[in-house]
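Every number here is computed from the coordinates shown, using simple stated rules; none is lab data. No experiment lies behind these values; they were computed from the predicted model shown. Methodologically, a virtual Cβ is constructed for each residue, glycine included, from the backbone with ideal geometry; neighbour enumeration extends over all protein chains shown.
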Amino acid sequence: MRSTILFFLVLNASVLWAQNSFSYRFHFGFPAAELTSIVATDSCYYVTGIIADSIPPFNTGNIFVKFSLDGQVKLAKTLKDTLKTYETWRKFSYYRSK
């Protein structure tokens, strides 16, 4: 009996200490999008990332997004080519020729 009461006390206490969180998926018109870096300013967020097609040869490209402070997409631009792949994994942009 004591173990049952202790179990319910621990279960209810964990609900009180839980943090509110959310997970929102952004759809930028590509099946795969990975946001890689973010710059926060006092009026908005600037984000760069990588997009990919779902059709072989799975060419990748860059995405540049401007978010409001509420997390709403204000501007989204993509840089994609059929002959080259662009990726912004680091602070600089580089490409690989095929």
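Below, the figures for the structure above:
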quantity: Local electrostatic count, residue 32, Cβ distance below 15 Å [Lys/Arg +1, Asp/Glu -1]; calculated: -1
quantity: Which of 67, 26 has the fewest Cβ neighbours within 10 Å, and the rest in rising order; calculated: 26, 67
quantity: Selected from 35, 85, 47, residue furthest toward positive end of dipole (region 27-91; charges at beta carbon); calculated: 85
quantity: Hydrodynamic radius by Kirkwood, which averages 1/r over all alpha carbon pairs of region 27-91, in angstrom; calculated: 12.3
quantity: Residues in region 56-73 reached by a label modelled at residue 44 [backbone nitrogen below 15 Å; 7 Å Cα→Cβ]; calculated: 64-73
